[in-house]
């Protein structure tokens with residue numbers, strides 16, 4: 001895949017101004033782990049809590065490629081779309097890892113969905129700092145989730161335009177049709193890996209989510225970086241995404257019966273790691289879970 005094609009697709013999902021701070025909701029154990037290791041987990045998208053996360057984008061792509069194939073006017077295009085449909089039905093062999101963030105630092109639905117009843121925390125990271133990994137990871141991107149169906153269709157259309165333009169270019173360059181189809185097959189998988197994490201069902205729009213997206217191939221292959229944790233119904237694969245520096249700027253403590261005590265202990269935790277400049281607040285949302 002050409003760098004130009006990837007750059008065009010990235011622009012489609014990263015355009016617009018990024019919020020200065022993005023929040024990650026987590027438990028007390030998650031807070032301790034992130035602060036002490038100066039790292040977050042990047043989870044395989046196919047193992048996120050919502051099992052439709054990855055299939056939603058694939059379904060949009062399948063619908064489009066079927067429409068294109070039905071209107072194909074020559075044998076080459078028909079064969080190309082047949083190959084691309086096979087790629088879409090076999091994407092379970094492709095892995096991309098994500099960490100989730102939101103523009104909202106104190107939202108009731110987020111506290112309920114992503115934090116335990118015992119309490120939670122929203123860690124406010126510098127959006128610029130989120131891309132400062134150690135070691136640097138080529139291919140990592142911070143993308144805004146897209147919920148509007150027309151916008152989603154436009155992004156998927158750009159993916160297929162890149163693939164079909166690539167196929168035509170290689171065809172006219174004299175490559176055999178089989179070679180063109182194989183290379184186009186690979187390109188579709190790589191481009192979908194960039195956009196699939198950004199496309200979410202419109203019902204999730206309230207979350208105003210952003211995602212740190214890291215393709216599997218970005219992680220060092222000569223290190224033991226793939227880990228596993230216990231999920232709700234299966235083991236969950238994840239990579240550790242280490243920061244070059246800790247980009248924590250704000251910390252919101254979730255609804256708690258002991259706000260002053262919670263603030264004091266969080267200040268102690270952050271001070272022990274040299275993060276005493278972090279702004280700490282306690283949620284004012286009246287969400288009693290105790």
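What follows draws every value from the coordinates through simple rules; no lab data is involved. Quantities reported herein were computed from a predicted structural model and do not represent experimental measurements.
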To test your reading of the geometry: what angle, between 0 and 90 degrees and rounded to tens, separates the Cα axis of helix 149-172 from the longest principal axis of the chain?
40
The equivalent-ellipsoid semi-axes of region 76-180, taken as the square roots of five times the Cα gyration tensor eigenvalues and listed largest first in whole Å, are 40, 17, 14
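Take the alpha carbon atoms of the chain, find their radius of gyration, then divide it by 2.2 N^0.38 Å using N residues; give the quotient.
Details: Rg = 21.2 Å, N = 290, 2.2 N^0.38 = 19.0 Å.
Rg over 2.2 N^0.38 Å, computed on Cα atoms: 1.12.
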Mind checking the angle between helix 3-14 and the chain's longest principal axis? C-alpha axes, 0 to 90 degrees, to the nearest 10.
50
tail above 15 Å in the computed P(r) of region 167-243, as % of all Cα-Cα pairs, reads 73
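Could you tell me whether region 228-290 comes out rounded, prolate or oblate from its Cα gyration tensor? Rule is a ≥ b ≥ c as square roots of the eigenvalues, rounded for a/c under 1.5, then prolate if a/b exceeds b/c, otherwise oblate. Walk me through the numbers on the way to the answer.
On the way: a/c = 2.65, a/b = 1.23, b/c = 2.15.
Oblate.
Expressed as a rounded percentage, what relative contact order does region 209-284 have, with Cα pairs under 8 Å and six or more residues apart?
Numbers: 57 pairs, mean separation 19.1, N = 76.
With pairs under 8 Å counted, the relative contact order is 25 percent.
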Round to the nearest 10 and give me the degree value, 0 to 90, for the angle of helix 28-37's Cα axis relative to the longest principal axis of the chain.
80
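Rounded, prolate or oblate: which one fits region 96-240, using the alpha carbon gyration tensor with axes a ≥ b ≥ c (rounded when a/c is under 1.5, else prolate when a/b beats b/c, else oblate)? Please report the intermediate quantities before stating the final value.
Details: a/c = 2.38, a/b = 1.65, b/c = 1.44.
Since a/c reaches 1.5 and a/b is larger than b/c, the shape of region 96-240 is classed as prolate.
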So what is the relative contact order of the chain, in percent, for Cα pairs below 8 Å that sit 6 or more residues apart?
31
Sorted from largest down, what three extents in whole angstroms do the Cα atoms of region 126-198 have along their principal axes?
48, 35, 14
